[in-house]
């Protein structure tokens, strides 16, 4: 090592080149020994795995040879009797053929004697074979028995009111059958006496003998025929008017009520009852049956019937309505969308895209009463021919005086002088607005959101009579003007909101006392302030 050190650092001199050589050798030796270590490690693991695999192969080979010998012995014991029997029968046939060829007279007797000697000689082999075959036979019998038992269908035998009605898979089938009966049963009250007593016993039957819920429901109905029967009931607005088995008479009455209003030659014309009349066939309790004529009398108002709440009423349930189906074309209104534009002055509006109404075909039923008076129109369908085109309006947000702007006025103006309601002069006879009286210095507020268009003293101008005044553009076609102020609180171009103080009351300009002169214009036209504000 000392010599190697001197190899790179001669005379104690440390140079970058010497350090680089030393580090290079260090990294080379490290990489070499690391690679060599992993190669030896991998070879060792491979040898170990080969060894383990060899052990497993040896074990399985040994087990295979042992099992082969074991089952070979069993197979030999099982086949030995059959081989001996086959050989014995071959020898027996050979012996009997030789005896017949020799002219022997008792060939059959000698053959029988030979067969008995063979059985006595090899009876042990037969018992050995049976020792193996009997367990196999017992196993086959067990499998057959289990399979046969599992193929049996265990079911519930159902007796209803003492009568056998069928076999079912479980009690749920019976419960569903009861529900089916209840659904088919039409009654004017909540009754449960039809529900008989059911008993269940376990039985073994074929799968084909099982009944489903519908079959069971039919059999339950058959056993309860003395309680309810197949009949026809008529419901009016959800109330059972009556039940009869003379459905033909009832249907005839319904048809006669509609017949005078029918127009068979007009396919767009139909007739219906004003009330909701339903003819419902089904199961009904026998004690609810009435004659067909009695039911017709109740429907026509000739006899009363009882509502669900117990109230007895008389009314004609067979009033009719005439229905005409019409088709017509109508417009679909277009929508209007407003977008802000910083290129337009606040309050200005420009239609960027004109709105166009759409068109649609409407199918509707027009309902008339018995006298032909229209009652209502029910729209059934709407087929769009052309879609409406949305109108797009650009609304200016540019404040030409500078500063920010907000939402325009909503047109719902407030009284501009809170706490004062006196009016000294109204509009007319050359007076452009109303004069609201109040104390000197009273606060005047903006009647709605807007942009201050003018805030100045009109002295020396055409507006000299106003004195100090404020004019607000509300951005929706309206302007308001507040004159004769003692002080102005807002500046030209300033955005104000509804209720914001804008000035104080005074008597400047052409004025004979403290008051606020209020003016309104709508789309540039002077209008009476009383249209928009009233004194509190």
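No value in this document is a laboratory result; all are computed from the given coordinates. Because the structure is predicted, anything quoted here is derived from the model rather than measured. Note that each Cβ is placed from the backbone with ideal geometry, even for glycine, and that neighbours are counted across all protein chains shown.
Quick notes
- Spatial separation of Cα centroids for region 313-339 and region 369-390, in angstrom: 5 Å
- Inter-label distance, nm, simple model (7 Å from Cα along the C-beta direction), residue 376/residue 527: 3.9 nm
- Sorting 202-210, 288-296 by average packing, meaning the other beta carbons within 10 Å per residue, from highest down gives 288-296, 202-210.
- Fully extended contour minus Cα-Cα distance, from residue 272 to residue 139, at 0.36 nm per residue: 40.2 nm
- The Cα atoms of region 423-531 give a gyration tensor whose axes a ≥ b ≥ c have a/c under 1.5, which makes the shape rounded.
- Efficiency of FRET between residue 308 and residue 350 - r from beta-carbon atoms, R0 51 angstrom, step 0.05: 0.20
- Listed peptides 318-325, 331-338 by packing density, highest first (mean Cβ within 10 Å): 318-325, 331-338
- Stretchable slack from residue 43 to residue 497, in nm (0.36 nm times residue separation minus alpha-carbon distance): 154.3 nm
- Model label sites at residue 258 and residue 175, defined 7 Å from Cα along the beta-carbon direction, differ in position by 4.2 nm.
- Shape call, region 341-443: gyration tensor on alpha carbons, a/c limit 1.5: oblate
- Residue separation of residue 159 and residue 421 scaled by 0.36 nm, minus their Cα-Cα distance, works out to 85.1 nm of gained length.
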